[in-house]
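One structure is given below, encoded as structure tokens.
The values are calculated or read from the model by the stated rules, or taken from the named source; none is laboratory data. The structure displayed is predicted, hence computed values, not measured ones. Cβ atoms come from the backbone with ideal geometry, glycine included; neighbour counts cover every protein chain shown.
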Amino acid sequence: MGCSKTEQPTARGFTTNAGDFGPFLLQQVIQRGGHPNTNGLTPIPADWRYTSPNGLQTLIFVTVKGSVPAIGEFPKREGISPTL
């Protein structure tokens, strides 16, 4: 998972989305067998783009809107180790 404060160009093969990033992240965790705790999940306003070229791994680029500490706290709270 990457974070950037600048606009990122849309690349071929990527899907783009905007809004609350939390539900998308939860969906990715569940699809990989995780059981996230959704109690008290803070909204994460963001733009993001993602691709899953091999159907097993998903590459996600996130542009967070404003200062949202939850983007860094969520993975730690859920025991997720993002691959950089």
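Assess whether Thr63 counts as being at pLDDT 75 or above, surrounded by 11 or more Cβ atoms within 10 Å (Cβ to Cβ), assigned to a loop (DSSP other than H, G, I, E, B) and of a type in the set (Val, Ile, Thr). Spelling it out, it is not the case that Thr63 is at pLDDT 75 or above, surrounded by 11 or more Cβ atoms within 10 Å (Cβ to Cβ), assigned to a loop (DSSP other than H, G, I, E, B) and of a type in the set (Val, Ile, Thr). Can you tell me which of (1) at pLDDT 75 or above; (2) surrounded by 11 or more Cβ atoms within 10 Å (Cβ to Cβ); (3) touching a strand residue (DSSP E or B) at 6+ places or on another chain (Cβ under 9 Å) is the one Met1 doesn't meet? Every condition holds for Met1 apart from (1).
Among the residues of the range 15-34, is there at least one that is at pLDDT 75 or above, more than 12 Å from the chain's Cα centre (by Cα) and surrounded by 14 or more Cβ atoms within 10 Å (Cβ to Cβ)? No; the residues of the range 15-34 include none that is at pLDDT 75 or above, more than 12 Å from the chain's Cα centre (by Cα) and surrounded by 14 or more Cβ atoms within 10 Å (Cβ to Cβ). Take the residues of the range 48-59 that are modelled with pLDDT of 85 or more and not polar (S, T, N, Q): which is surrounded by the fewest Cβ atoms within 10 Å (Cβ to Cβ)? Checked the range 48-59; the qualifying residue surrounded by the fewest Cβ atoms within 10 Å (Cβ to Cβ) is Tyr50. Pro45 - would you say it is at pLDDT 85 or above and out of contact with any Pro (no Cβ under 6 Å at 6 or more places or on another chain)? So Pro45 fits the description; yes.
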